[in-house]
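To start, the structure itself, in structure tokens.
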């Protein structure tokens, strides 16, 4: 008989190993699923994990995509992880991402066609502020009226989507776009365009900011008083209060930071890879970042790796759809398995498995 | 073994890493009040859980009136005639007494009949209880009566009571003992678990003493002194805290008209609490659990804020300041709940040292925690307070209750407080660790700090405090010198007869 036994201290080794184990299990279960769909499982797994980086034909296109996709995921997940560690559940990063993009883009577009070098920095600031402000809505409702931030932040995503649609059809629509929905394309507006820093690498300013956020978050959590308070608040709210943490300030800080970073991610996306505000501008980064945050165990370095891995499955998934004709839903199920297995094997870091003989009843 | 109700023969139960019971044997005769005596972790609970069918022994056997007894579930145990009153009640606060009793029965009779029966039993055994009152409105003592009556309705032959008096006032304890003696006279055996020696000496006819899972002695507690029993239990000569008479200094902490609403819907609000504390003295605050102890600690630690003037430290109004500002000024606290309030369970001892120590021990510079200093501080606590742990990197939850409590108290004492407030400093702590903790509080006071010790252990309060006050429904009695206070007087203070008690003093 199998039995779980609680470890006196969480195991460091298993905490590091479980994400890898989860990836392996996902490959196995995903392989079985692909085989049942009538595809060669080994080939499918290879296309998803290997070809995007090393395929002689596609890699030139897909390799830079890795950073382009991982950048916003990492940036948003870092912000979310602070809150998640403190038991503050911001599920609405997608909304904050949209609002950041709208606000930042609006500022840029307002100055079209200026060539001032101040435009892009200004867009960045306003983009961050937009996301921050959107996250402040659940934060203030929570601190003033004790509403549930999960529901409020989530519902605000749908509000943000409506705003996005209305903006791309109305206020921000390209006046020279012959009536098509969507704003001016930032590619035609160099002072506001978030271009690649090294051509062909996918590295744009958003990716740089994401890396900086990883470093900041690491220092914050491991060295700074505030990070320590975040960790205590998550583990034991009473102990946190006893040690002098102000729970309201904690909520405002965590939601605000997550919103700000999500807003920045939105701004870098709209002014770079996406190029314009359009009805379908948002592509679910804000939700996928939740998976990335947990896959990375809410640890900055883990999130960095998880973001890259998640981006890989996106690109590889697209490639697999293209080359093997796998349905998109199968790819989504595959990504879902990753989180599922992670949560399942997570038990191992706090428990050990014991084999016991069944007692004769 | 003819004539025995229950005999336990060589029972062993091992858990990973610890043998909870090692070939334990003892017998209980019909009508006997038998004590199981031992420190925390001696294996008393595991033993009674086996008798009650909650845990199965690894080896050994039990015999009930001559037949083999192997209860697989508590239901089987109850069917045999074993009933148990747990230390922690399992009652629904939103239901009334009769409904709560009915929930514990397999085939409850109609409510009216049951209420009638509860009334009869409660009157017969001197445990007055109204079957239609909501449990949420009952005191701890009354709640215990619900549990006892629930057991008595099963007409048990053996009643197991796990630490029943920890939540009772001395008067309530007397009522309980009268009931237990009556039951025993009627032939019901009682297995009584406690570490309160005086109670056992006055109530029990036989005792089995456990230490580290083994039976270390059986005796007739009426023939032993409390000290002999304690030494049997601990296995070493007990070190009794020594106090040195010290000169009292200026008033350091002053509470005036402190009223705080509880954060908890079933908590007790503090009402007009006044108290003044001089440097160098220890004030003991007694009272039955749930009469405002947690709220008093929270309003002193800064977890709940009040009007500035109702809490004054060295003359400065601090009622509106948060925990860290109070720490800076010299008011430190140690709450009752070790894991999850005084310490974060999954964090290392180093991190837990930084939990309250950053300000007074200068563990942070420009907001950055100096982890090496925090580690040194944790190591200092571990060595000065004899905390048994492999090192400061271990998680708080890996420590035993007594060791973690030593760590928590040590963390505050080493920060040289002007005023230290502790709540239940030795709750669930073994006797030698408890003695160490009390000694450290006495030493702290001797060095000129003022100490408030909130506790439900009256012996502890009498041992260390200079003055005594009791909390009752959120009100604090005036303090009285602890020396010469009788158990009756303490009981009255705890029971809330304030005016009576005051006239009694003045007279």
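The values are calculated or read from the model by the stated rules, or taken from the named source; none is laboratory data. A quick note: this is a predicted structure, and the numbers were derived from the prediction, not measured. Backbone-built Cβ (ideal geometry, glycine too); neighbour counts: all protein chains shown.
Worth a mention:
- Of all residues in region B:106-131, those satisfying the criterion of being under 29 Å from the mean Cα position of the chain (by Cα) and either assigned to a loop (DSSP other than H, G, I, E, B) or more than 26 Å from residue B:177 (Cβ to Cβ) (or both) are B:125, B:126, B:127, B:128, B:129, B:130, B:131.
- Members of region B:351-363 that are more than 10 Å from every other protein chain (Cβ to nearest Cβ) and surrounded by 24 or more Cβ atoms within 10 Å (Cβ to Cβ): B:353
- Filtered residues of region B:7-24 (kept if free of Cβ contacts under 8 Å to residues at least 12 places away in the same chain and closer than 21 Å to residue B:191 by Cβ): none
- Qualifying residue in region B:340-350 (condition: touching a helix residue (DSSP H, G or I) at 6+ places or on another chain (Cβ under 9 Å), more than 8 Å from chain A (Cβ to nearest Cβ), more than 14 Å from residue A:228 (Cβ to Cβ) and surrounded by fewer than 24 Cβ atoms within 10 Å (Cβ to Cβ)): no
- Restricting A:99, A:74, A:78, A:88 to those that are out of contact with any strand residue (DSSP E or B) (no Cβ under 9 Å at 6 or more places or on another chain), under 30 Å from residue A:253 (Cα atoms) and assigned to a loop (DSSP other than H, G, I, E, B) reduces the list to A:88.
- Which listed residue, of A:73, A:21, A:66, A:82, is more than 30 Å from residue A:157 (Cβ to Cβ) and in contact (Cβ under 8 Å) with a residue 24 or more places away in the chain: A:21
- Reported count of residues in region A:322-338, each being surrounded by fewer than 13 Cβ atoms within 10 Å (Cβ to Cβ) and within 14 Å of residue A:47 (Cβ to Cβ), is 2.
- Residues of region B:303-314 satisfying the condition of being part of a loop (DSSP other than H, G, I, E, B) and more than 24 Å from the chain's Cα centre (by Cα): B:305, B:306, B:307, B:314
- Among the residues of region B:274-287, the ones that are touching a helix residue (DSSP H, G or I) at 6+ places or on another chain (Cβ under 8 Å) and crowded, with 22+ Cβ neighbours inside 10 Å come to 5 in all.
- Region B:154-176, subset assigned to a helix (DSSP H, G or I) and either free of Cβ contacts under 8 Å to residues at least 12 places away in the same chain or within 23 Å of residue B:27 (Cβ to Cβ) (or both), residue farthest from the chain's Cα centre (by Cα): B:174
- Region A:244-283 - residue that is touching a helix residue (DSSP H, G or I) at 6+ places or on another chain (Cβ under 7 Å), closer than 17 Å to residue A:227 by Cα and outside any helix (DSSP H, G or I) and, of those, farthest from the other protein chains (Cβ to nearest Cβ): A:245
- Candidate set from region B:364-373 (those that are touching a residue at least 12 places away in the same chain (Cβ under 8 Å) and within 9 Å of chain A (Cβ to nearest Cβ)); member that is nearest to residue B:295 (Cα to Cα): B:369
- Checked against the criterion of being farther than 30 Å from residue B:374 by Cα and modelled with pLDDT under 90, the candidates A:192, A:210 yield just one match: A:192.
- The residues listed here are B:63, B:48; of these, the one that is under 30 Å from residue B:216 (Cα atoms) and surrounded by 20 or more Cβ atoms within 10 Å (Cβ to Cβ) is B:48.
- Residues being at pLDDT 80 or above and farther than 30 Å from residue B:307 by Cα - total across region B:233-261: 0
- Residue selected from region B:390-400 under the condition more than 12 Å from residue B:351 (Cα to Cα) and buried (at least 19 other Cβ atoms within 10 Å of the Cβ), by the criterion nearest to the other protein chains (Cβ to nearest Cβ): B:397
- Members of region B:322-339 found to be within 10 Å of chain A (Cβ to nearest Cβ), outside any helix (DSSP H, G or I) and over 25 Å from the mean Cα position of the chain (by Cα), listed by number: B:322
- Tally of residues being assigned to a loop (DSSP other than H, G, I, E, B) and either out of contact with any helix residue (DSSP H, G or I) (no Cβ under 8 Å at 6 or more places or on another chain) or crowded, with 17+ Cβ neighbours inside 10 Å (or both) across region A:114-134: 1
- Selection count where residues are surrounded by fewer than 18 Cβ atoms within 10 Å (Cβ to Cβ) and in contact with a helix residue (DSSP H, G or I) (Cβ under 8 Å, 6 or more places away or on another chain), scope region A:34-49: 7
- Note on region B:374-389: among residues that are in a helix (DSSP H, G or I) and touching a residue at least 24 places away in the same chain (Cβ under 8 Å), the one that is farthest from the other protein chains (Cβ to nearest Cβ) is B:384.
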